[in-house]
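The values are calculated or read from the model by the stated rules, or taken from the named source; none is laboratory data. Note that the coordinates shown come from a computational prediction; the quantities given were computed from them, not determined experimentally. In this analysis, Cβ positions are derived from the backbone assuming ideal geometry, glycine residues included, and neighbour counts consider all displayed protein chains. Side chains included, ligands, DNA and RNA excluded: accessible areas come from the protein's heavy atoms. Shrake-Rupley method; radii C 1.70, N 1.55, O 1.52, S 1.80 Å.
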Amino acid sequence: MTSAPALNIVLLGPPAAGKGTQARRLVEDWGMVQLSTGDMLRAARSSGTEVGRRVAEVMDRGHLVTDGIVIDLIRERLGQGGARGGFIFDGFPRTLAQADALEEALREMGMRLDAAVEFRVDDEALVERISGRVTCAACGEVYHDRTRPIPADGRCVRCGGTEFTRRADDNAESLRTRLFAYYKQTAPLIGYYHCKGILRPVDGMGGVEDVARAVAATLRLPAAAGA
Ligand code: AP5
């Protein structure tokens, strides 16, 4: 891991654009802390509570969970601190109300957002990426049937786990709803961050390494690591 200035960044982009994949690279290479509302909500849904059950229904259909729930999750996690390398907000904010709430929460803590990295990926590529995604059940490492298959020995490269899952919302119908939600509710954030002067568009159509290099370059991370 190489040292770099602490940065707080948002990763913006449609479902399966590669946000989680690149967030994990930034964690490994730069010691940043990934806050994925999708992962937090998946943890809530497996809690077996009534709220978890309602969250599961909404997620499986591809709709957005209500702002209040995700804002509370993020505020609670930010309150725990512990991100000397900076925070990566992965899949949050997704609405203008969430963006305002994030700005306010950071301001209260004497922090600010340094960049919003927008991954630009064609819809056809999203379908391809989403239909092949497989995740390690133990650590969440992300694989793809074609572009990043599970190793031949059946063990996760990160944790050695042998159980892999496919997400309930990774199907054609849910993807249509998720894409619609992205363009309707989340895409306005592109203009929001552009106006604030921190939007950093990145071509997300290349391979994982190419995209990692583009992210490091746009964030002006030192060239020694990052990709
Ligand atoms: P969330 O978990 O955030 O899902 P998402 O935004 O739809 O994004 P994904 O996790 O599907 O994709 P990704 O961009 O991380 O891609 P990945 O790196 O895995 O949210 C799920 C649901 O939770 C939402 O629908 C909503 O219901 C709810 N939710 C979450 N946050 C919320 C919020 N803030 N407000 C309200 N509701 C919220 O990559 C995908 C695949 O492509 C992988 O197989 C990977 O190996 C492959 N891949 C990655 N990069 C490349 C590349 N460059 N080339 C080739 N293949 C690649």
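How big is Rg to Rh over the chain, alpha-carbon atoms, Rh as the Kirkwood inverse-mean-distance radius?
Working: Rg = 16.9 Å, Rh = 18.0 Å.
Checking Rg against Rh, the ratio lands at 0.93.
Considering only the other residues whose Cβ falls under 11 Å of the Cβ of Asp67, what net charge follows from Lys and Arg at +1 and Asp and Glu at -1? Numbers along the way, then the final one.
On the way: positive: Arg94; negative: Asp72, Asp100.
With Lys, Arg at +1 and Asp, Glu at -1, the net is -1.
Return the unpartnered cysteines for the chain, using a Cβ-Cβ cut-off of under 4.7 Å.
Cysteines of the chain left without a disulfide-compatible partner: Cys195.
How long are the three semi-axes of the equivalent ellipsoid of segment 69-138, in whole Å, if each is the root of 5 times an eigenvalue of the C-alpha gyration tensor, listed from largest down?
Numbers: eigenvalues 152, 50, 30 Å².
For segment 69-138, the semi-axes come out at 28, 16, 12 Å.
Report in % the part of the accessible area of the chain that belongs to carbon and sulfur, leaving out ligands and nucleic acids; probe 1.4 Å. Numbers along the way, then the final one.
On the way: 5950 of 11400 Å².
Solvent-exposed carbon and sulfur of the chain make up 52 percent of the total.
Let's see if you can work this out: charge +1 on each Lys and Arg Cβ, -1 on each Asp and Glu Cβ, no other charges. What is the dipole magnitude of the chain about its Cα centre, in debye to the nearest 20? Don't jump to the answer; show the numbers that get you there.
Values: 30 positive and 30 negative charges, 33 e Å.
Result for the chain is approximately 160 debye, rounded to the nearest 20.
Give me the Kirkwood hydrodynamic radius of segment 106-170, using the inverse of the mean 1/r over all pairs of distinct Cα atoms, in Å to one decimal. Could you put the intermediate results ahead of the total?
Values: mean 1/r = 0.0704 Å⁻¹.
Computed over segment 106-170, the radius equals 14.2 Å.
If you average over every viewing direction, what projected area does the convex hull of the Cα atoms of segment 28-100 give, in nm²?
Numbers: hull surface 21.9 nm².
Computing the convex hull of the Cα atoms and averaging its projections yields 5.5 nm².
With every protein chain kept in place and ligands, DNA and RNA left out, what is the accessible area per residue of segment 37-175? Probe 1.4 Å, answer in Å².
Numbers: 7400 Å² over 139 residues.
Here the residues of segment 37-175 average 53 Å² of exposed surface.
Towards the positive end of the charge dipole of the chain, with charges on Cβ (+1 Lys, Arg; -1 Asp, Glu), say which of His144, Gly31, Ser47 has the farthest Cα.
Gly31
Treat every Asp and Glu Cβ in segment 71-179 as -1 and every Lys and Arg Cβ as +1, leave all other atoms uncharged, and give the resulting dipole magnitude about the Cα centre to the nearest 20 debye. Don't jump to the answer; show the numbers that get you there.
On the way: 17 positive and 20 negative charges, 64 e Å.
Here segment 71-179 has a charge dipole of around 300 debye.
With helices defined as uninterrupted DSSP H runs, which ones in the chain have an alpha carbon span along their own long axis of at least 27 Å and mean Kyte-Doolittle hydropathy of at least 0.5? Provide the component values of the computation, followed by the final result.
Values: long enough: none.
Within the chain not a single helix satisfies the rule.
Take every Cα pair under 8 Å in segment 164-227 that's 6+ residues apart, average their separations, divide by the length, and report that relative contact order as a whole percent. Write down the numbers at each step before the final one.
Working: 23 pairs, mean separation 11.0, N = 64.
Once divided by the residue count of segment 164-227, the mean separation gives 17 percent.
Pick from Gly62, Gly132, Gly48 the residue whose mean-square fluctuation is largest in a GNM of the chain, springs joining Cα atoms under 10 Å.
Gly48
Place the peptides 134-142, 102-110, 4-12, 33-41 in order of packing, highest mean first, counting for every residue the other Cβ atoms within 10 Å and averaging per peptide.
Working: 134-142: 17.1, 102-110: 13.2, 4-12: 21.0, 33-41: 19.3.
Ranking, from highest mean packing down: 4-12, 33-41, 134-142, 102-110.
At a probe size of 1.4 Å, how large is the accessible area of Ile190, to the nearest 10 Å²?
Its accessible surface works out to 40 Å², give or take rounding.
Determine the gain in length on full extension of the stretch Ile198-Ala97; use 0.36 nm per residue of separation and subtract their C-alpha separation, reporting nm with one decimal. Don't skip to the end; give the middle numbers.
Working: separation 101, 0.36 × 101 = 36.36 nm, distance 1.80 nm.
Length gained, Ile198 through Ala97: 34.6 nm.
So what's the back-of-envelope 222 nm ellipticity for the chain, counting only DSSP H runs of four-plus at -39500 (n - 2.57) apiece and dividing by all residues, rounded to 500? Working shown, then result.
Details: 9 runs with 97 residues, N = 227.
After summing the helix terms and dividing by the residues of the chain, the value is -13000 deg cm²/dmol.
Provide the gained length on full extension for the span Asp122 to Ala138, in nm with one decimal, where the gain is 0.36 nm per separating residue minus the Cα-Cα distance. Show your work: numbers first, answer last.
Details: separation 16, 0.36 × 16 = 5.76 nm, distance 3.04 nm.
Going from the current span to full extension adds 2.7 nm.
Using Cα pairs closer than 8 Å and at least 6 residues apart in sequence, work out the relative contact order for the chain, in percent. Working shown, then result.
Details: 342 pairs, mean separation 65.4, N = 227.
After rounding, I find 29 percent.
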